[in-house]
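Just below is one structure, and these are the notes that go with it.
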Amino acid sequence: MDADYGRAYAQAIPDAEFRLLPGTGHMPQSETPDQLLPVVRDFADAHATTRPRP
């Protein structure tokens, strides 16, 4: 699949975002975790409804 397919897929899902991770295929968690983890953290932080207390 190409990036245009991913962009179109994300546009069909409310609040979804498409992020292209260079050098990454179908397994970003093992291929480029250093790129994936900040994206996942940012998404989770932006959509969190509660925060843990220190």
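The values are calculated or read from the model by the stated rules, or taken from the named source; none is laboratory data. Predicted model only: the values in this text are computed from it and were never measured. When we count neighbours, we look across all protein chains shown, and the Cβ atoms used for this are built from the backbone with ideal geometry, even at glycine. When the accessible area is computed, the model is the full protein with side chains, heavy atoms only, and any ligands, DNA or RNA have been set aside. Shrake-Rupley method; radii C 1.70, N 1.55, O 1.52, S 1.80 Å.
Rolling a 1.4 Å probe over the protein chains gives Asp34 an accessible area of about 120 Å². A straight chain from Arg51 to Ile13 at 0.36 nm per residue would run longer than the Cα-Cα distance by 11.2 nm.
Annotation: per residue accessible area for the chain equals 88 Å², rounded to a whole number [probe 1.4 Å, protein chains only].
Only helices enter this figure: runs of n ≥ 4 DSSP H residues, each worth -39500 (n - 2.57), summed and divided by the residues of the chain, yield -15000 deg cm²/dmol at 222 nm to the nearest 500.
Net charge dipole, the chain: roughly 300 debye, given to the nearest 20, about the Cα centre with Cβ charges of +1 for Lys and Arg and -1 for Asp and Glu. The fraction of accessible area contributed by carbon and sulfur in the chain is 57 percent, rounded to a whole number (1.4 Å probe; ligands and nucleic acids excluded).
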